[in-house]
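Below is one structure; the comments refer to it alone.
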Amino acid sequence: MDLKKFDGKNVKVVGTDGKTYSGFVDLYTQPNDNDGVEAIALSCGTWLDATDIKTIEAID
């Protein structure tokens, strides 16, 4: 999953747990800085590893 392209954008994420999160991507973390897994932090206070994300899309 290429999470870097969502850095600095508003997104809607559906997690593998079925929960939906919306917010601004405040932080993108490279795999080598996060135990080999990409991750993002959302402005709503949520941290998501790529393995926790079912779908992600940029929203206006």
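Results, tabulated for the structure shown:
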{"item": "Residue pairs meeting the criteria (Cβ under 8 Å; at least 6 apart or on separate chains; first closer than 15 Å to Gly18 by Cα, in segment 44-58; second assigned to a loop (DSSP other than H, G, I, E, B) and of a type in the set (Ser, Thr, Tyr))", "result": "Thr51/Thr16; Asp52/Thr16; Ile53/Thr16; Lys54/Thr16"}
{"item": "Search result, residues across segment 23-34 that are open to solvent by 70 Å² or more (accessible area, probe 1.4 Å), in a strand (DSSP E or B) and not acidic (Asp, Glu)", "result": "Phe24, Leu27"}
{"item": "Meets criteria (touching a strand residue (DSSP E or B) at 6+ places or on another chain (Cβ under 7 Å) and either open to solvent by 80 Å² or more (accessible area, probe 1.4 Å) or at pLDDT below 95 (or both)) for Lys4", "result": "yes"}
{"item": "Exclusive hit being part of a loop (DSSP other than H, G, I, E, B), open to solvent by less than 50 Å² (accessible area, probe 1.4 Å) and in contact with a Ser or Thr (Cβ under 9 Å, 6 or more places away or on another chain), set Val13, Val37", "result": "Val37"}
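The values are calculated or read from the model by the stated rules, or taken from the named source; none is laboratory data. Computed from a prediction, not measured in an experiment: that's the story for all the values here. Quick reminder, even Gly has a Cβ in these numbers, built from the backbone with ideal geometry, and neighbours come from all protein chains shown. Each accessible area value is taken on the protein alone, full model and side chains, heavy atoms only, with ligands, DNA and RNA left out. Shrake-Rupley method; radii C 1.70, N 1.55, O 1.52, S 1.80 Å.
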